[in-house]
């Protein structure tokens, strides 16, 4: 226990980490021993310890994405022991703590794997495909200023709450990493259904789903085969219901929209 | 591309085709099973042979047969296209992966199960449909029922299921079909966006029961003829 | 240099409207002839870039993260203030203005703060129109809650993720402009220098963090929305990547840095658990509504506790010191952030702290659970308790939480005038990167408000006033000023890569953080600050002699990125110390031990220090030059705060 338990036993671990010089190089798994890891460390702090060791030896530290380290920015992205963000459900890698591992464990650490997420270096992948999907329609077209008073659009609490649930997606890409088809449906559907539920999203409802799905396909994500792996591994619990809603929106839009 | 082909060549659109054809094929299974139940009548195959003759010559059925073939074709074609796409979406796999922690085995192996079913389908057609319809494979024996000559498909069934290899193939295939349907049935509803807090739990339970009962019904036939006839 | 604050004349309430009429406009057809660079894509940067794009300017936006959606605004929990008075409880623009000025301990500009309160109402409208799912009442209208330092309910929120929802709103507006081609987005790109031509900001030099390529970008104006500098302390609630490099390099090109010593220390964070610790996690301030803060009465009990001879539940009621309730009977556990933080430090300095390190105090919910029942407490704080348990592996329902103050926000930043322009023509600073609105202490739920006010509603007006006077012609990036700036960046990188010493960048960063926390943290004194100044200089010298940076520039090089940032922190730290030494008074987040009331409260000196301290760079290791902008208070009366 942090701070209050000075007797927490340090652990020795073996890490097998994907190393890859850059986008165009081939990569491989490299084994690193790490010693004296406190169970109170976060997973990324354990990685920091390894990187400091590597640096002192003059070796290239392992590149991995991370920023807020409190589970909200969505930047951290490791495939740990065969699962995105590691073994704990509802937890990002930065919030995963070493107490969930045992002394002597071997831990494999890989980058997200998807054609749409090419590896920049080591464990760092390019997730700009997500941004481009959002650019295809993940917004309400209102300019700054000239909008009605905030209370002019009453929204039932139940709908506001549901829209919020969809809006909490942190865009980390664990859904893609978990999916056997590297499908981005959960990510795309979270935004589509958030805006489809709200009155503000109605005017662009049809074009939004059409354009976002088209962009998702262009980016080279796989198709959704309803395995449910995405929602099971989503660190913020985005629900599969969003995917079903996306399909409804898609069918309705394709059947009725004016765009040919 | 016009809007129609655009719709049905998108990943979401292709899945919609698979869902619609899949549910249609499910309805075919029901019809087929009900027909097959004639095999259990203790009448030396008379009812079954009459039924198969009806199926072979009725205009509506013949038309539906074309639709059925198209259903298979689209279901399989889109499955192949999507599978290729899905494989391409992850060119480099994981060294260590534990998908069993987040999804069911059948949901991840629909392609494999589908392939088993396709191979079965070919064997099955070769055994019964081809001889009956095209007089190929030596054709079928004839049988007289009320002074009219019919194909004796019943005897072909009896004969085929004396062979333990066929029995094994049929039973294993039905297990594969059951797993295919356990995921596929409710997945089709999801794919069509038919999701609702009130109805989805029922659809899911019904799907499992449907898959097991239908496949059990089919699997009993070879076992029945092998062990009891 | 005379600091022109450009505050418009006239009565307070009319200044902004009058100014909006007085500013020059750029004809819609001519807007496309102007290029604007926005660095940083948090609330201020994303909202500014989107709004500029909507107006028709050509915008280039930069962020070091892999996507604009990751900016640290996303981590803000509590909410955003706005003077909507939807609750009919007496709120008004003037009251929000007044609370903010007073909360800032009278060290902010009246005109800026009033404008902030005015546009706060537009922000909520804008965000709702974008589809931000704010909390709502059953009737479908927006919900509000009260927040620290205010007697009205004016805080709009989206559960504990208000920052995330607002940032994603701004991000969506930005995406729309990217799709239209009005904004060109450069993620994973870090600004490393400001380029000035004829005394005006005309561009920046950046490093592509993937390829290492050093590139120049030219524009007619540059907006820095690059956040605060809390990571100078190494441990803070900031994101790992949050840094001061863009602002600092602008400072080194002549922009003034204002009030750098004003840092906010948040009282309720999860304490440090070991040397490996990389960041601190905030626990919402709301916990103090029900939690009681205490430490053991004697050093001896605390020592036995730390050694593990006894557990917290063995300590008898009479051996517990509820020091906030004891010292501040009127406010008790609800004293303002700075007071709560300082007192936690005091008891720990006495040796009565808890936890293995002795740097923590208890926040105890046992009484509240006895009084209201566990379900009621879980309903209020369930998610926070869960987060605490995830990190510490302790169940706060069964044993008190351990908390300790942590660096959270920096009120200081680049000096800007009323138009948010720095003293460098064409260089603007917005959001936490500027110094403008929070004085010496920021109120809860005001950071989000300021970031969006600057980006959506202030800069789009004021930047036009500047551009309208600018010629259309562009400066080519092969202009000698760009070439020189690129050379400067390359030579710094080469220097860092060539030292090949023995100590890692993190090592230096931790050492700097230790000095800053020890001498320029919650409480400061002249003697300690003098020591800090010397130690920072020593550490800086050692850094440039002995730092170890591996690899090359032409790759994704995480050590080189960090080394640049820490090199700047090593200079910024000294400026903070200089500023803290200069300000011989205590106010808000700046507590000088020499200047306190007999009751240990902050003792302001309005006679001599009611000014903004804006510092001018004169070379590394040289003493910076102080420029004062006197603060004039015409609408509020300066009073001493008391919480007894």
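At-a-glance table
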read-out	value
Hits in the stretch B:1-22 (condition: within 14 Å of chain A (Cβ to nearest Cβ), in contact (Cβ under 8 Å) with a residue 24 or more places away in the chain and crowded, with 17+ Cβ neighbours inside 10 Å)	B:11, B:14, B:15, B:16, B:17, B:18, B:19, B:22
Residue in the stretch C:241-248 that is touching a strand residue (DSSP E or B) at 6+ places or on another chain (Cβ under 6 Å) and either outside the structural domain of residue C:388 (by TED's automatic domain parsing) or in contact (Cβ under 8 Å) with a residue 12 or more places away in the chain (or both) present	yes
In the stretch A:234-248, residue surrounded by the most Cβ atoms within 10 Å (Cβ to Cβ) [restricted to those that are at the interface with another protein chain (Cβ under 8 Å from one of its Cβ atoms) and in a helix (DSSP H, G or I)]	A:243
Criterion violated by residue C:89 - all others in (1) more than 14 Å from every other protein chain (Cβ to nearest Cβ); (2) in contact (Cβ under 8 Å) with a residue 40 or more places away in the chain; (3) more than 17 Å from residue C:441 (Cα to Cα); (4) touching a helix residue (DSSP H, G or I) at 6+ places or on another chain (Cβ under 9 Å) satisfied	(4)
Per-region count, the stretch C:341-356, residues surrounded by fewer than 19 Cβ atoms within 10 Å (Cβ to Cβ) and over 27 Å from the mean Cα position of the chain (by Cα)	2
Selection count, the stretch C:243-257, where residues are surrounded by fewer than 24 Cβ atoms within 10 Å (Cβ to Cβ) and part of a loop (DSSP other than H, G, I, E, B)	2
Lone unmet requirement of (1) within 14 Å of chain B (Cβ to nearest Cβ); (2) closer than 22 Å to residue C:70 by Cα; (3) surrounded by fewer than 23 Cβ atoms within 10 Å (Cβ to Cβ); (4) in contact with a helix residue (DSSP H, G or I) (Cβ under 7 Å, 6 or more places away or on another chain) for residue A:79	(3)
Members of the stretch C:57-83 found to be at the interface with chain A (Cβ under 8 Å from one of its Cβ atoms) and in contact with a strand residue (DSSP E or B) (Cβ under 7 Å, 6 or more places away or on another chain), listed by number	C:68
Residue among B:82, B:37, B:68 that alone is more than 24 Å from residue B:17 (Cβ to Cβ) and touching a residue at least 24 places away in the same chain (Cβ under 8 Å)	B:37
Any hit, the stretch A:27-41, residues being facing another protein chain (nearest Cβ under 9 Å), part of a loop (DSSP other than H, G, I, E, B) and free of Cβ contacts under 8 Å to residues at least 40 places away in the same chain	no
The stretch A:137-166, residues that are in contact (Cβ under 8 Å) with a residue 24 or more places away in the chain and more than 7 Å from chain C (Cβ to nearest Cβ)	A:137, A:159, A:162, A:165, A:166
Residue A:99 being in contact with a helix residue (DSSP H, G or I) (Cβ under 8 Å, 6 or more places away or on another chain) and either more than 14 Å from chain B (Cβ to nearest Cβ) or modelled with pLDDT of 95 or more (or both)	no
Selected residue (criterion: nearest to the chain's Cα centre (by Cα)) from residues of the stretch C:269-294 that are assigned to a strand (DSSP E or B) and within 14 Å of chain A (Cβ to nearest Cβ)	C:282
Residue within the stretch A:115-122 that is within 10 Å of chain C (Cβ to nearest Cβ), in contact with a strand residue (DSSP E or B) (Cβ under 8 Å, 6 or more places away or on another chain) and in a helix (DSSP H, G or I) present	no
Qualifying positions in the stretch C:296-314 - touching a helix residue (DSSP H, G or I) at 6+ places or on another chain (Cβ under 6 Å), within 14 Å of chain A (Cβ to nearest Cβ) and in contact (Cβ under 8 Å) with a residue 12 or more places away in the chain	C:296
Some residue of the stretch C:498-511 being in contact with a helix residue (DSSP H, G or I) (Cβ under 6 Å, 6 or more places away or on another chain) and free of Cβ contacts under 8 Å to residues at least 40 places away in the same chain	yes
Per-region count, the stretch A:56-87, residues more than 25 Å from residue C:238 (Cα to Cα) and in a loop (DSSP other than H, G, I, E, B)	7
Lone unmet requirement of (1) surrounded by fewer than 24 Cβ atoms within 10 Å (Cβ to Cβ); (2) over 26 Å from residue C:29 (Cα atoms); (3) in contact (Cβ under 8 Å) with a residue 24 or more places away in the chain for residue C:538	(3)
Residue, nearest to residue C:65 (Cα to Cα), within the stretch C:176-188, restricted to residues that are in a helix (DSSP H, G or I), in contact (Cβ under 8 Å) with a residue 40 or more places away in the chain and out of contact with any strand residue (DSSP E or B) (no Cβ under 7 Å at 6 or more places or on another chain)	C:176
Any hit, the stretch A:220-228, residues being assigned to a helix (DSSP H, G or I) and at the interface with chain B (Cβ under 7 Å from one of its Cβ atoms)	no
Helices (runs of 4 or more DSSP H) contained entirely in the stretch B:92-209, each with at least 3 residues that are surrounded by 18 or more Cβ atoms within 10 Å (Cβ to Cβ)	B:105-108, B:110-124, B:153-160, B:164-191
Residues that are touching a strand residue (DSSP E or B) at 6+ places or on another chain (Cβ under 8 Å), under 30 Å from residue C:258 (Cα atoms) and in a loop (DSSP other than H, G, I, E, B), drawn from the stretch C:371-418	C:411, C:412, C:415, C:416
Candidate set from the stretch A:201-225 (those that are in contact with a helix residue (DSSP H, G or I) (Cβ under 6 Å, 6 or more places away or on another chain) and more than 25 Å from residue A:125 (Cα to Cα)); member that is surrounded by the fewest Cβ atoms within 10 Å (Cβ to Cβ)	A:205
Any hit, the stretch A:209-216, residues being over 21 Å from the mean Cα position of the chain (by Cα), assigned to a helix (DSSP H, G or I) and more than 8 Å from chain B (Cβ to nearest Cβ)	yes
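To keep it simple, each residue is scored yes or no on (1) surrounded by 24 or more Cβ atoms within 10 Å (Cβ to Cβ); (2) closer than 23 Å to residue C:120 by Cα.
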{"site": "C:417", "(1), (2)": "no, yes"}
{"site": "C:435", "(1), (2)": "yes, yes"}
{"site": "C:451", "(1), (2)": "yes, yes"}
{"site": "C:469", "(1), (2)": "no, no"}
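The values are calculated or read from the model by the stated rules, or taken from the named source; none is laboratory data. Here the structure is a predicted model, which means the values were calculated and not measured. Virtual Cβ from ideal backbone geometry, glycine too; neighbours counted across all protein chains shown.
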